[in-house]
Amino acid sequence: MSDSVLLIGSGGHASVLLEMLIEHKINIMGYVSPSPASNHMLFSQYRWYQNDEDILQFDKATIKLVNGIGSLPGNTLRADFYTNYKILGYSFVTLVSKDAGVSRYATLDEGVQVMRGAIIQTGASVGYNSIVNTGSIVEHDCSIGSNNHIAPGVTISGQVTSQKNVHFGTGSSVIQSININENVIVGAGSTITKDVEENCICFPARITIKVRK
Amino acid sequence: MSDSVLLIGSGGHASVLLEMLIEHKINIMGYVSPSPASNHMLFSQYRWYQNDEDILQFDKATIKLVNGIGSLPGNTLRADFYTNYKILGYSFVTLVSKDAGVSRYATLDEGVQVMRGAIIQTGASVGYNSIVNTGSIVEHDCSIGSNNHIAPGVTISGQVTSQKNVHFGTGSSVIQSININENVIVGAGSTITKDVEENCICFPARITIKVRK
Amino acid sequence: MSDSVLLIGSGGHASVLLEMLIEHKINIMGYVSPSPASNHMLFSQYRWYQNDEDILQFDKATIKLVNGIGSLPGNTLRADFYTNYKILGYSFVTLVSKDAGVSRYATLDEGVQVMRGAIIQTGASVGYNSIVNTGSIVEHDCSIGSNNHIAPGVTISGQVTSQKNVHFGTGSSVIQSININENVIVGAGSTITKDVEENCICFPARITIKVRK
């Protein structure tokens, strides 16, 4: 990749992406965030832009955006940003960690981010602006929708489909050939064994907490 | 490996194996499947054999088989194929993904398949025709039986033993030093903390699904 | 690393560490264990020292210790050994598997052990004598305390903090920004979605086991 990029955000997810950009030796023009990235030593050498409007000074033909806005259930900030800047004519980088294992027969749409240790198997596809987060697994022939967040440690078995805006919570699992409709939240630790209708949320059974003797 | 191989099956599991064979630059003579592999672009350049009987035209001294039949709980097709063609004198390839992490002090029997991101630690052994699927973990000194399927995202702690025909479902976990007897199904998402008798099935607690407000 | 080391222990955890030491081509002076390591072929070429007192014959300026004592909930043997030999002036090796994925912006204290396939993301830190075991995930900006054991297959989301002596059981998960206080046991397979007070133990919901028909 010879493009120059602008990183959007300065939180935890943005910091992991920044490390990936550095590893890929991509030219980083700066980061855009309401406040400077105080917590992350690695941001300090990059120029800080405070406002989204600052992005407009960059030529959409020569710079690409990296969506570093994290994804939490019920928060549309990340998806909205992507949509708005696509309408304005900007492009987003598809970014794959050097430590991820992506099949050469898998398909990643624009703006997909595949983090360290994640695996995407033969014949799978992932829709635009989705995150395949640290150490998660997307098995063969899955069709993952756009604006999905597959949180760390998730396992999605073969031939699963998800529609847009699905959140797979930390450590959740999905068995093979399941369909998950749009706007679903798969709660952390849940195991999905049946299709899930749109706009649903899945909770695992509660844990019990006792004082140790 | 300088052998030529024949791939059995054309479904999702077979497609992941085919990608591994290509990566290993193994000479692929074709695949055997009741119907041609319509869904998988990567099969198209290989010769299709429709009937199991077609295998018999290949010399068992110069060709090895790759068992691409997937493994689902309660389905013996994969195990039966292995047994039948061993009786006929054929051998099966033991296949390890370049992206798997297998200890040099682990032992894999004939026909074991270790998929991308899977880990097998020091002193562990895996019995014939078993699958250690994508991103699953077999810890130190485990003794995994034959015809086991360790599904994606499974974690098996140290010194666990399993007998033949055990299915570890997606995302399940087993704590250390557990014994799992033959023909057990560990349901997806289950956590096993006690020994399991033969012919049992383990279910995790149910999840709750609600409509989001 | 050009130091010579002495390995403490000869059980399963010690055997995995020994393989890592061999891979790193570290000079191994021997192992210390009440009984010789009968089960592990790979120990046989190293000198056996039976008593902890044997350690004292080694110069603390030129030799480092590798704490191969495993960590089980409620057992302080591993932590006690570390404390005692630090008081005597010895140092402990921080050991990272070549197959682990540790961010260059993460911090590992003395004696931390990161096993095969484990991932530690940008901005995370791990306290002294802790184990990040096989295939476990420590996400960005986590602060893991000392003497923690993160068992195989655990997922700890971003910005989680743990205090000292926490055990994360096999396959457990923790969502983002949780605080886990000292001496907590997160039971295998638990999903933690709220802060946990000190000296508590968390159990997942029970599984159901039935005989297959």
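List of remarks:
- Condition met for B:Ile201 (closer than 23 Å to C:Leu72 by Cβ and at the interface with chain C (Cβ under 7 Å from one of its Cβ atoms)): no
- Residue in the stretch C:189-197 that is crowded, with 24+ Cβ neighbours inside 10 Å, more than 16 Å from the chain's Cα centre (by Cα) and more than 7 Å from every other protein chain (Cβ to nearest Cβ) present: yes
- The stretch A:112-123: number of residues that are over 16 Å from the mean Cα position of the chain (by Cα) and more than 9 Å from chain B (Cβ to nearest Cβ): 0
- Scanning the stretch B:149-163 for residues that are facing chain C (nearest Cβ under 8 Å) and over 17 Å from B:Gln113 (Cα atoms) returns B:Ser157, B:Gly158, B:Gln159.
- Some residue of the stretch B:75-88 being small (Gly, Ala, Ser) and free of Cβ contacts under 8 Å to residues at least 40 places away in the same chain: no
- Qualifying residue in the stretch B:43-54 (condition: of a type outside the set (D, E, K, R) and under 19 Å from A:Gln159 (Cα atoms)): yes
- When B:Lys98, B:Lys25, B:Lys60 are checked against the criterion of being surrounded by fewer than 21 Cβ atoms within 10 Å (Cβ to Cβ), among the basic types (Lys, Arg) and within 30 Å of B:Gly187 (Cα to Cα), B:Lys98 stands alone in meeting it.
- Test for B:Gly89: is it assigned by TED's automatic domain parsing to the domain that holds B:Gly30 and either over 18 Å from B:Leu7 (Cβ atoms) or part of a loop (DSSP other than H, G, I, E, B) (or both): yes
- Filtering the stretch B:101-111 for residues that are modelled with pLDDT of 95 or more, under 13 Å from the mean Cα position of the chain (by Cα) and surrounded by 23 or more Cβ atoms within 10 Å (Cβ to Cβ) leaves a non-empty set.
- Residue in the stretch C:123-131 that is within 25 Å of C:Val32 (Cβ to Cβ), in contact with an Asp or Glu (Cβ under 6 Å, 6 or more places away or on another chain) and either part of a loop (DSSP other than H, G, I, E, B) or of a type in the set (D, E, K, R) (or both) present: yes
- Hey, B:Thr122 surrounded by 20 or more Cβ atoms within 10 Å (Cβ to Cβ), among the β-branched types (Val, Ile, Thr) and on the phi < 0 side of the Ramachandran plot or not: yes
- Residue within the stretch B:151-160 that is among the small types (Gly, Ala, Ser), over 23 Å from C:Ile150 (Cα atoms) and surrounded by 22 or more Cβ atoms within 10 Å (Cβ to Cβ) present: no
- From the list B:His149, B:His140, the lone residue that is on the phi < 0 side of the Ramachandran plot and under 15 Å from the mean Cα position of the chain (by Cα) is B:His149.
- Members of the stretch C:30-54 found to be hydrophobic (A, V, I, L, M, F, W, C) and within 21 Å of the chain's Cα centre (by Cα), listed by number: C:Val32, C:Ala37, C:Leu42, C:Phe43
- Counted residues, the stretch A:132-148 - those being over 15 Å from B:Gly117 (Cβ atoms) and assigned to a strand (DSSP E or B): 2
- Checking each residue in the stretch A:133-148 for being of a type in the set (Val, Ile, Thr) and away from every other protein chain (no Cβ under 12 Å) picks out only A:Ile144.
- Residues within the stretch C:125-136 that are hydroxyl-bearing (Ser, Thr, Tyr) and surrounded by fewer than 23 Cβ atoms within 10 Å (Cβ to Cβ), tallied: 2
- Some residue of the stretch A:137-144 being surrounded by fewer than 24 Cβ atoms within 10 Å (Cβ to Cβ) and in contact with a strand residue (DSSP E or B) (Cβ under 7 Å, 6 or more places away or on another chain): yes
- So B:Leu6, is it over 21 Å from A:Gly158 (Cβ atoms) and within 18 Å of the chain's Cα centre (by Cα): yes
- Members of the stretch A:164-180 found to be closer than 27 Å to B:Asn133 by Cβ, within 18 Å of the chain's Cα centre (by Cα), more than 14 Å from chain C (Cβ to nearest Cβ) and assigned to a loop (DSSP other than H, G, I, E, B), listed by number: A:Val166
- Number of the exception - A:Ser71 against (1) farther than 28 Å from A:Glu182 by Cα; (2) at pLDDT below 95: (1)
- Some residue of the stretch B:189-202 being hydroxyl-bearing (Ser, Thr, Tyr), over 22 Å from C:Ser15 (Cα atoms) and either modelled with pLDDT under 95 or part of a strand (DSSP E or B) (or both): yes
- Within the stretch A:14-68, considering residues that are small (Gly, Ala, Ser) and outside any loop (DSSP other than H, G, I, E, B), the one nearest to the other protein chains (Cβ to nearest Cβ): A:Ser15
- Given (1) under 15 Å from A:Ala14 (Cβ atoms); (2) in contact (Cβ under 8 Å) with a residue 12 or more places away in the chain; (3) not small (Gly, Ala, Ser), index of the condition A:Met41 fails: (2)
- Among the residues making up the stretch C:30-57, those that are in contact with a strand residue (DSSP E or B) (Cβ under 9 Å, 6 or more places away or on another chain) and surrounded by 15 or more Cβ atoms within 10 Å (Cβ to Cβ) are C:Gly30, C:Tyr31, C:Val32, C:Ser33, C:Ala37, C:Phe43, C:Tyr46, C:Trp48, C:Tyr49, C:Ile55.
The values are calculated or read from the model by the stated rules, or taken from the named source; none is laboratory data. The model shown is predicted, which means the values in this text are computed figures rather than measured ones. Note that we place each Cβ from the backbone using ideal geometry, even for glycine, and neighbour counts take in every protein chain shown.
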